[in-house]
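Input: a single structure, listed below in structure tokens.
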Amino acid sequence: MPAKHVRRLAVAFAALLVVMSTSTQAASAAPDEPGTISRTSSVPLSVDHYDAAVAAAHGFEIRTRADGNQHPVPVTQEAQAIAAEYPLVNGVPDSGASPQGFDEKEGPCGSAYVSLTRDLNNRDVYINTGFAVTAPVSYRSWSVQLMGTAGINHQPFSGGESPAVWGDSRTVFYPSGGIGYVTAGSHVMLVTGAVCYSYGPQTSF
């Protein structure tokens, strides 16, 4: 991973740790059900760089503007159909705001979230994570990690092609409270060639 991205992730994680107690409360859509603790965190997704080979494989060409910034241009009918469905905004197609209903914060590439619900009776944690990005996805490298007195529990959610709006969930046994987050380095590759990194949504449970 580029050093500049590692530095940005470190800053983002530090900021999240400072505001976690307030931002996660604000993101909760409703009071907790009896016997549960439920919290959600969401952050923007940003374009780190473009992969010209992936873009070309899906009919896009990566061009450089006069200001030095790159952007994808649809050059085939298939790519033009994608661009028509996801109108170009600031050089990347725009998926729209908060399609998952988790109070997402939009960035240049979309948004990402993690929602955690702790069942105090069964000592389980229900994980829900996903993203709303600015074009269909070629593949994703994605995982969520729980950390607390019960240790570290790593849950992979990586996969291949998916729509621009994607989410997945599962329940895991985790017999303590703690924090959970989308791991550093989690990212998606869009068909436009954009490589979009999450800034690690993190919340308590």
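The values are calculated or read from the model by the stated rules, or taken from the named source; none is laboratory data. On a predicted model such as this, the values are computed, not experimentally measured, just so you know. Reconstructed Cβ throughout: ideal geometry from the backbone, glycine too, with neighbour counts over all protein chains shown. In case anyone asks, the SASA skips ligands and DNA or RNA and just uses the protein heavy atoms, side chains included. Shrake-Rupley method; radii C 1.70, N 1.55, O 1.52, S 1.80 Å.
Does any residue of region 173-182 turn out to be within 18 Å of Ala55 (Cβ to Cβ) and open to solvent by less than 40 Å² (accessible area, probe 1.4 Å)? No, because not a single residue in region 173-182 is within 18 Å of Ala55 (Cβ to Cβ) and open to solvent by less than 40 Å² (accessible area, probe 1.4 Å).
Give region 43-57 a look and list any residue that's under 29 Å from Tyr181 (Cα atoms) and either open to solvent by less than 40 Å² (accessible area, probe 1.4 Å) or part of a strand (DSSP E or B) (or both), or say none.
Within region 43-57, the subset under 29 Å from Tyr181 (Cα atoms) is 43-51, 54.
Within region 43-57, Val43, Pro44, Leu45, Ser46, Val47, Asp48, His49, Tyr50, Val54 qualify.
Can you confirm whether region 72-82 contains a residue that is small (Gly, Ala, Ser), open to solvent by less than 40 Å² (accessible area, probe 1.4 Å), modelled with pLDDT of 90 or more and within 19 Å of Ser41 (Cβ to Cβ)? No.
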